[in-house]
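Heads up, the thing below is written out as structure tokens.
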Amino acid sequence: MIREVFLSIVPLILIPVLTVTQETQLPQDETGKVIYEAVVHRGNLTPDSLQKLSIKWVHTFYKNPSAVTKENKLGIIKIEHKFDVCDVDKKTGKRYKAGRIKYTLTIKFKDGRYKYELTDFKYIANRYIPIEEWLNSKDPKHKMNMQPIL
């Protein structure tokens, strides 16, 4: 349930970031922070049963669910995770680790629905780089940030 939604949403957000052009528009809140959120309706399920299903999903989706789960209390689950981003060397054809993407997934539960938010995206190379920094066209490093990784 949530896995399919998550697996379809993250690439939609992250692929444009990694192959960015200057015209790329990512979903942002009123403060300019990149955020993707959606509400999913699930019939007459209670918040408690939705949360139990989500916890079950977390335990099947993540290798170490206790390490990524930062908050699990009534009505909310908060996950912080990061994954490797790879690139291919054009000369050798070998894949190499180009960095990591860190994100926060927050899931909130109400009667018959849940809301998930993907936020706090950071590209980790030599330092944390908030994605919002890439989108700031007034920043002198903007053009460099917007170039695809070669």
Quick note on LEU105, LEU26, ordering by fewest other C-beta atoms within 10 Å, gives LEU26, LEU105
Links exceeding 22 Å between C-alpha atoms in this model, out of LYS90/LYS138; LYS33/LYS97; LYS63/LYS94; LYS63/LYS97; LYS97/LYS138, come to LYS90/LYS138; LYS33/LYS97; LYS63/LYS94; LYS97/LYS138
Taking placed amide H atoms and a strict 5 Å upper bound, the residues 5 or more places from ILE35 or on another chain that come that close are GLN28, ASP29
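For ALA125 and PHE83, calculate 0.36 nm times their separation in residues minus their Cα-Cα distance, and state this gained length in nm to one decimal. The partial results should precede the final answer.
Working: separation 42, 0.36 × 42 = 15.12 nm, distance 1.20 nm.
Contour length minus the Cα-Cα distance gives 13.9 nm.
Would you mind counting up the charge near ASN72? Only other residues with Cβ under 15 Å from its Cβ, with Lys and Arg at +1 and Asp and Glu at -1. Spell out each step's value before the answer.
On the way: positive: LYS52, LYS56, LYS70, LYS73, LYS78, LYS108; negative: ASP48, GLU71, GLU80.
It works out to a net charge of +3.
All of the numbers you see were taken from the coordinates with simple rules; none came from a lab. Remember, predicted model here, so these are calculated numbers, not experimental data. Every residue, glycine among them, receives a Cβ derived from its backbone with ideal geometry; neighbour counts consider all protein chains shown.
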